[in-house]
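So the structure is just underneath, and the comments pick up after that.
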Amino acid sequence: MLLLYAVRMVRTGIERTFGSAFRRAVTGATNRPTAAATGLFMAVVLQSSAAVALLVAGFAGTGALAFAIGLPMILGADLGSALVIQVLSFQLEWLIPTLLAVGGLCSVKSDRRKLKQFGRIVLGVAFILISLMFLRQTMEPIRESDFLPAVSTYLESDYLTAFMIGAILTVFMHSSVATILMVVTIVSIGALPVNAAIAMVLGANLGSAIIPVWLARGMNVQACRLPLANLIIRGSFAVSVLLMISWFTLPVWLFNMGNAQALINFHILFNFALLAALPLCRLLEKPMTLLLPDEKEAESFNPVLRPALDDALLNQPQLAITSLQRETLRMAQIVEGMVLPVMELYREFDLDRMKAIRAQDQLVNRALDDIKRYAASIPSPVMDSNQTEKVRELTEYAIALESAGDIVGKQLLVLAQEKAEQGVRLSKDGSEELGRMHGQILSNLSLAMNLLVSGDVEHARLLLEEKTEMVRHERDSRKKHLKRLSSGSAVSFDSSNIHLETLRALNQFNSRVASLAYPILYRGGQLLETRLIENLDDVNQQR
């Protein structure tokens, strides 16, 4: 459990720090080798190929990423997670005290968000090393028992069972990194035969491909095709290799560095060999489309387009509030769909796409009207004070989301059209600054949707910290833009109005999104009602 927690801790810290950068990296790949390298890098950083696969599937589902680019990215991520295992398998226990000290100081003592997350990451690495040390110590006495040798002997003679155990463990633990690290540790102390461990590693590779298929089951078919294609490639290759090692002896050179290192080398070679499928990625798109055809009449069956309010629940306040919550979440999803392609319109304006986004704004307006009507229809006598307050908070946040949608439709889209009509070109630095802010508001909107469901105080604090960060980003970008103007940059001069207006609009959008955090923090006793002095007469008397 410590190993699982530590792996998740590192991944969460990195996602919170670099989430928007990952989004830009995913959509910026233009060819298969670049995509594979991008996936490898992200998996090394996130320590999870499943996390990368889900991120890629999400972008494919919105049409921002092609199938022929997304699949190589997932294959590269699998190799990246294998390299992570190599690094973490080194004997690094001597680093634990230093990592605990540095991570603890940054996480507990620092007020800066990025430094706190850096501390979280360092602590997570320390916990991984501690958990592996505990695992080795725990397995030592078990190795001398009568039970383990019997199990080991059986697994060595039955590769299929070992293969299935590896797959089930990985699916159960939701982490191939944790599973394979555990197997490598057990092999390193001689408690498990290396041949049985190799079969378990092959099963872990199958399990790691099953995880994103399961987690992406609620996405649209465009998103589901990529994890399924990865499962077909990895699963068929894993089964083929399992048959080969049951028929043939593994090469001697593989074991020159010891059994534990042989296991890691085998895992890396397996995932490296999968990159041979890169030329086939484009060819697989048509079979996957036949296997998972596009949905017909998607608009009428799209759950995001169907209202979630149920008038039959009005006399049951708790269920009615849940219905309101679902409808507010639906609003947030529609707003996310509106803001997602904004920067693409800045790069290449499309009038039809702009009209489609504005049509979504009508859905947001209609949803707000329905929420206000529904909230007013819940009989007051059947609600207690907490439920009444919750209904008010949800209604106010729906108003904030509608305002965020208006910022997209009436400000950002107008600026994108104006930029195209006037032939304005943003400077390279200016375009990158706007892209970073856009990526950050997407990350914050995703955090707000999670918060809408969980109501977690820690996430509310993080969302409010992100609001402060966004204000700082706007201020820094404005200063950099003015500096470019003072240096005589003609491109910056021509695009000045659009750049500054876009900065302001993005910051306003983020403020509306972050407003959800205030009532949650106030209820948790972590927010003052006001910082203003109530009575100015008292101040004057003191003077």
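Things worth noting here:
- Modelled FRET efficiency - R0 30 Å, MET164 with LEU269, Cβ distances, 0.05 increments: 0.85
- Furthest towards positive pole of dipole, ALA77, ALA229, TYR154, structure part the chain, Cβ charges: ALA77
- Each Lys or Arg adds one and each Asp or Glu subtracts one; over the other residues with Cβ under 14 Å from the Cβ of ALA276, this totals +1.
- Whole-number Å³ per residue for the convex hull built on Cα positions in region 2-291: 130 Å³
- By the beta-carbon count within 10 Å of each Cβ, the least crowded to most crowded order of MET42, MET470, MET354, MET200, fewest first, is MET354, MET470, MET42, MET200.
- Full-extension gain in nm, PHE248 to ASP350, via 0.36 nm per residue minus C-alpha separation: 30.9 nm
- When PHE349, PHE163, PHE134 are sorted by how many other C-beta atoms sit within 10 angstrom of their C-beta, beginning with the fewest, the order is PHE134, PHE349, PHE163.
- Efficiency of FRET from Cβ geometry, GLN86 and ILE232, R₀ 30 Å, rounded to 0.05: 0.65
- Dipole orientation for region 305-437: of the candidates LEU313, ILE357, THR328, ILE357 has the Cα lying most toward the positive pole (charges on Cβ; Lys, Arg +1; Asp, Glu -1).
- Projected label distance in nm at LEU485 and VAL221, using a 7 Å step from Cα toward the beta-carbon: 5.1 nm
- Here the gap between ALA150 and LEU291, fully extended at 0.36 nm per residue and compared with their Cα-Cα distance, gives a gain of 46.4 nm.
- Dividing the C-alpha radius of gyration of region 312-523 by 2.2 N^0.38 Å, with N its residue count, gives 1.14.
- Taking Cα atoms only, the orientation of helix 457-486 departs from the longest principal axis of the chain by about 70 degrees.
- Full-stretch length increase - PHE255, THR30 - with 0.36 nm per residue and alpha-carbon distance subtracted: 77.1 nm
- Rounded to the nearest 20 debye, the dipole magnitude of region 2-291 is 1340 debye, with +1 charges on Lys and Arg beta carbons, -1 on Asp and Glu beta carbons, and the Cα centre as origin.
- FRET efficiency, GLN137 to ARG504 (Cβ-Cβ, R0 60 Å, nearest 0.05): 0.55
- Size of region 326-368 from its Cα atoms: along the principal axes, largest to smallest, the extents are 34, 15, 9 Å.
- Placing +1 on the Cβ of every Lys and Arg and -1 on the Cβ of every Asp and Glu, with nothing else charged, gives the chain a dipole about its Cα centre of roughly 1180 debye.
- For region 452-493, the fraction of alpha-carbon pairs in successive 10 Å shells from zero, as %: 27, 27, 20, 16, 10
- Principal-axis analysis of the Cα atoms of the chain puts helix 159-173 at an angle of about 20° to the longest axis.
- Debye-formula intensities of region 117-236, expressed as log10 I(q)/I(0) at q = 0.09, 0.10, 0.13, 0.22 Å⁻¹, are -0.32, -0.39, -0.62, -1.16 (one equal scatterer per alpha-carbon, no solvent).
- Rounded tilt (10° steps) of 351-377 against the dominant C-alpha axis of the chain: 80 degrees
- The chain - mean residue ellipticity at 222 nm from DSSP helices (-39,500 (n - 2.57) per run, n ≥ 4, rounded to 500): -26000 deg cm²/dmol
Read-outs throughout are calculated quantities, based only on the coordinates presented, and are distinct from any laboratory measurement. Just so we're clear, the structure is a prediction, and the values are computed from it rather than from any experiment. When we count neighbours, we look across all protein chains shown, and the Cβ atoms used for this are built from the backbone with ideal geometry, even at glycine.
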